[in-house]
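Nothing in this text is a laboratory measurement; each read-out follows from the coordinates by a stated rule. Treat the numbers as computed from the prediction; the structure is a model and nothing was measured. We place every Cβ from the backbone using ideal geometry, glycine too, and count neighbours over all the protein chains shown.
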Amino acid sequence: MNRSRKENIMDLKQQLNTPSQNSIKAFTRYKLATYVCNIVVPPYGLYRLWSRQSEFCLSEKIAQTFVVSVYVTTLIQSLI
Amino acid sequence: MGDFLTEKLLVIASKMSSQRHMVAIKNAFTALLPIIITGAFCVLFANVVCSTTTTGISLAKLPGMAWLSNFTDMFNAAYYASLNFLTVLAVILIAIELGKVLNHKETIVPIVALSSYISLCDTFLKTSVEGLADPVTIVNVLPRAFTNAQGLFLGMITALVATEIYVKIVDSRKLEIKMPDTVPTNVSHSFNILFPSVITILLISGFGLLFKTVFGMTLYDAIGTMIQTPLRGVLTGLPGYLLIFALSCVFWVIGIHGTQVLKPVYQATMLEAVLANTELVNAGQAPKYILNEAFISVFTTMSGAGITIGLIIAILIASKRDDFKAIAKLSVAPGLFNINETMTFGLPIVLNPLFMIPFILAPILTASFAYFMTVIGFCGYMVYAVPWTTPPLLIAWLASGGSMGAVITQAICIVISTLVYLPFVFASNRTINQEAVSE
């Protein structure tokens, strides 16, 4: 009984500490550089976002593209 | 008895961390975090670097630096694009993430969720116009309160409910339209998702209308009054805040990543609190919430859960154990970037009865101290979301928008955590003496 509880505890711990397949790592070096590019040079930022080597998942691509699109539109509007 | 409690806690933690709605919210906010931090940094740069009109410190006010004000439009535009559409982005991402968990990766899932959410939003705005006594109503607009962080809870709930309804209808296959075999698959698929999408949006929209008719208030107001405000009250109040972070440390000491398990519970509310502060400061008003996402990084989890920077210092000062000293030295560099796995699993702190008490106690004491210092006005409010990997002291300066009081408070917090760990390091010295005697 005691052994099975210990085994259960070990299993649960392993399960909890194993990173999920769907989990997102938002702060890799590639991604950090892309966030800066999105503000400073938006077209290149978008290229990095959608290129084949991109580390971004679909959720991140959609969110970042949305922000860059609104940012560029707002910036152009404020400059004109 | 100890194993029994550990097992029960693990079962609860396991259920919480694998709950699909919690997983969807956690992943969506992880994807949103860089956007929130970008927005916060843009406000910070606009005010502390580019502003020539601010009453506080600004680089552009120094002689010869006025050219920096040319970048104000750029930072303001980035701030507008990121933080003003937070709820819209949260709805889309939560729907995508929940769709992934439910094996529905169709593009229509976030569209249905967003349409459902917009069907619950007001499409008019009342505003005052100079020269007119009564407010003017502007129609066919989406008010800012529904797109920025204020609408977050309604957005989160709508995204979850809409996605669940859509998936249930699609999976039931009862509304599938039978097409001849000659029809291409993508065309028949478009027809198959037509009715589930329309029905989901109509159900949500109809419920919103019914709710307003019966109770005389919109769902936005009801959720704000009945869920958002009480939850914010609990989590941004000191007792609730301390309870949740003590619980997080309890999870850590039994070997579970406490932050990951409890993040879905507090993250949305704490982010909303720091964003509310950012908006208030940007509008030239005083910040409102002491406890928020930035406060967590600065005063509760600096150098990692349990404020282990105090333990590193205590070991380097007082430990006679070579193994502890070696691990502490190894942990200095990652500790500067708030990563402490080398300490929690290397020392270890996990399942170590000696360090359990200070590990739970240190963040409670530092958070309480910083809260008190903020209340008395010595420490500045945390107003900007910053990456949690920013080194101690710099993170306090950035998150508070340049408050030296915040930097000093964080330095004192490091001293407090060192003092909390010190007696237990002395105790660990005694254990090595006992081990030598027994050998």
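Which of A:K13/B:K325; A:K25/B:K100; A:K6/B:K263 have a Cα-Cα distance over 21 Å?
Flagged as over cut-off: A:K13/B:K325; A:K6/B:K263.
Arranged by the count of other C-beta atoms within 10 angstrom, fewest first, what order do B:S82, B:S331 take?
The most exposed by this proxy come first: B:S331, B:S82.
Taking the Cα centre of each part, how many Å lie between the stretch B:328-361 and the stretch B:242-310?
19 Å
Counting other beta carbons within 10 Å of each residue's own, what order do B:F71, B:F146 fall into, fewest first?
So the residues, fewest neighbours to most, are B:F71, B:F146.
Could you give the length gained on full extension between B:S172 and B:A427, defined as 0.36 nm per residue of separation minus the Cα-Cα distance, in nm?
Residue separation times 0.36 nm, minus the Cα-Cα distance, leaves 85.6 nm.
Hey, if you put +1 on the Cβ of every Lys and Arg and -1 on every Asp and Glu Cβ in the protein assembly as shown, which of B:N47, B:G335, A:Q64 ends up farthest toward the positive end of that dipole?
B:G335
Show me B:161-171, B:314-324 ranked by packing, highest mean number of other Cβ atoms within 10 Å first.
Descending packing order for the listed peptides: B:161-171, B:314-324.
How many partner chain Cβ atoms sit within 10 Å of a residue's Cβ in peptide A:69-76, on average, as a whole number?
Going residue by residue through A:69-76 and averaging, the value is 5.
Please compute the average number of Cβ atoms from other chains found within 10 Å of each residue's Cβ in peptide B:5-15.
Per-residue shielding by partner chains comes out at 3.
Can you pull the mean other chain C-beta count within 10 Å for peptide B:71-78?
5
Given a Förster radius of 30 Å and the C-beta distance between B:D73 and B:K126 as r, what FRET efficiency does 1/(1 + (r/R0)^6) yield to the nearest 0.05?
0.60
Using a 10 Å cut-off around each Cβ, can you sort B:T127, B:T147 from fewest to most neighbouring Cβ atoms? Provide the component values of the computation, followed by the final result.
Values: B:T127 10, B:T147 21.
Placing the least packed residue first, the sequence is B:T127, B:T147.
With θ set to phi - 60°, apply the Karplus curve 6.51 cos²θ - 1.76 cosθ + 1.60 along the stretch A:46-58 and write out the HN-Hα couplings as whole Hz, x wherever there is a Gly or Pro.
5, 4, 4, 5, 9, 5, 5, 7, 4, 9, 7, 8, 4
Based on the alpha-carbon gyration tensor of the stretch B:298-389 and its eigenvalue square roots a ≥ b ≥ c, which shape applies: rounded if a/c is under 1.5, prolate if not and a/b is larger than b/c, or oblate?
Prolate, since a/c reaches 1.5 and a/b exceeds b/c.
Under a cut-off of 20 Å between alpha-carbon atoms, report the aspartates and glutamates in cross-link reach of B:K8, not counting same-chain residues fewer than 8 places apart.
A:E7, A:D11
Based on alpha-carbon centroids, what's the gap between the stretch B:95-122 and the stretch A:37-53 in Å, whole number please?
26 Å
Would you kindly derive the ³J(HN,Hα) couplings of the stretch B:211-221 from the backbone phi angles with the Karplus curve 6.51 cos²θ - 1.76 cosθ + 1.60 (θ = phi - 60°), listing them in order in whole Hz, with x for Gly and Pro?
Rounded to whole hertz, the list is 4, 5, 5, 6, 9, x, 9, 6, 4, 4, 5.
Taking N as the number of residues in chain B, what is its Cα Rg relative to 2.2 N^0.38 Å?
1.15
I want to check the label-to-label distance for B:S18 and A:E7. Put each point 7 Å from Cα in the C-beta direction and report it in nm to one decimal.
Modelled inter-label distance: 1.7 nm.
Please list 3J(HN,Hα) in residue order for the stretch B:130-146, calculated via the Karplus relation 6.51 cos²θ - 1.76 cosθ + 1.60 where θ = phi - 60°; whole Hz, with x for glycine and proline.
4, x, 10, 6, 8, x, 9, 9, 9, 9, 6, 10, 9, x, 4, 4, 8
Can you bin the stretch B:110-196 into rounded, prolate or oblate? Criterion: square roots of the alpha carbon gyration tensor eigenvalues sorted a ≥ b ≥ c, rounded for a/c under 1.5, prolate for a/b above b/c, oblate for the rest.
Verdict is prolate for the stretch B:110-196.
Once you charge only the Cβ atoms, +1 for Lys and Arg and -1 for Asp and Glu, what is the size of the charge dipole of the stretch B:105-234 about its Cα centre, to the nearest 20 debye?
My answer is approximately 220 debye.
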